[in-house]
Amino acid sequence: MRKYLVVMPTLNERSSLPGLIESVLKHDGFHVLVVDDASTDGTPEAVRTIMSTTERVSLMERPSKLGLGTAYITGFKWGLQRGFRYFIEMDADGSHNPDALPWFVKEMEKGFGLVIGSRYMNETISVVGWDFRRLLLSKCGNIYASMILGLRLTDLTSGFRCYSVQALEALDLDRVHSTGYSFQIEMAYRVDAAGFTVHEMPIIFYERNYGSSKMSKRIVREAAVLPWRLRVERMFDALGRVVSRKKHAKEISG
């Protein structure tokens, strides 16, 4: 089995991507898959240049901006077909430190289905470069989603995380429809609901050095509505299981 796949969605990340990929490849066993959403700054060309020097980098090009969530789902499916063991989500803008990758693997070896790199563990805020308003929005958003979904996690929206192959294989990835940062909330919830343990480890998050944030009002609205949608879905799933058991018992009794 191949080892570890780092999936990086990109949209005009040429300035940061080559150095970041180089830093990832310093760690043995890691392969990088770039999922590019029609960048116009030469990002795909930069990736192809790197690919000419190593087999540990791959590129998927998509025709338009299709969203963060679909980029990761596409990357996960690609990796599942090729036998990778762990699947790491990682931003391509320099916000996530590649030196944490071996630490993710060390934690995953303890048997977790998902390890999230948390910015808010141990009652601290490990974020460099954000203003108070953005910190407040992120922190309150995480508390809000965790309470609604009943998940005792500090950073549901973190985009630096690692999944096991077993966890991804157990999920119906076609059922995941979130496209923005709410994708992170939905995936953590579905891994937990599938019976896998979701664990957190502390990381330091750095505000992007290049490009501009993809955050928008639509993404914030999606993240606000999603926990309630998942909670209602859980209620209907539970109701369906009860009805199915009663039907089965009735058929057995004659």
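One table, with the values for the structure above:
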{"quantity": "Length-normalised contact order for the range 4-253 - Cα pairs under 8 Å, 6+ apart - percent", "calculated": "22 percent"}
{"quantity": "Span-like helix ranges in the chain, DSSP H, alpha carbon extent 30 angstrom or more, Kyte mean at least -0.5", "calculated": "217-253"}
{"quantity": "Residue order, fewest to most beta carbons within 10 Å, for M51, M8", "calculated": "M51, M8"}
{"quantity": "Cα-Cα P(r), the range 4-253, percent of pairs per 10 Å interval", "calculated": "7, 31, 36, 18, 5, 2, 0"}
{"quantity": "Reachable aspartates and glutamates from K77, criterion Cα separation under 18 angstrom, eight or more residues apart if same chain", "calculated": "D36, D37, E61, E89, E169, D172, D174, E186"}
{"quantity": "Where a label projected 7 Å from the Cα of S23 along Cα→Cβ would reach, residues of the range 128-158 with amide N under 17 Å", "calculated": "128-130"}
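Coordinate-derived values only; no laboratory data. Every value quoted in this text rests on a predicted model; they were computed, and no experiment measured them. Backbone-built Cβ (ideal geometry, glycine too); neighbour counts: all protein chains shown.
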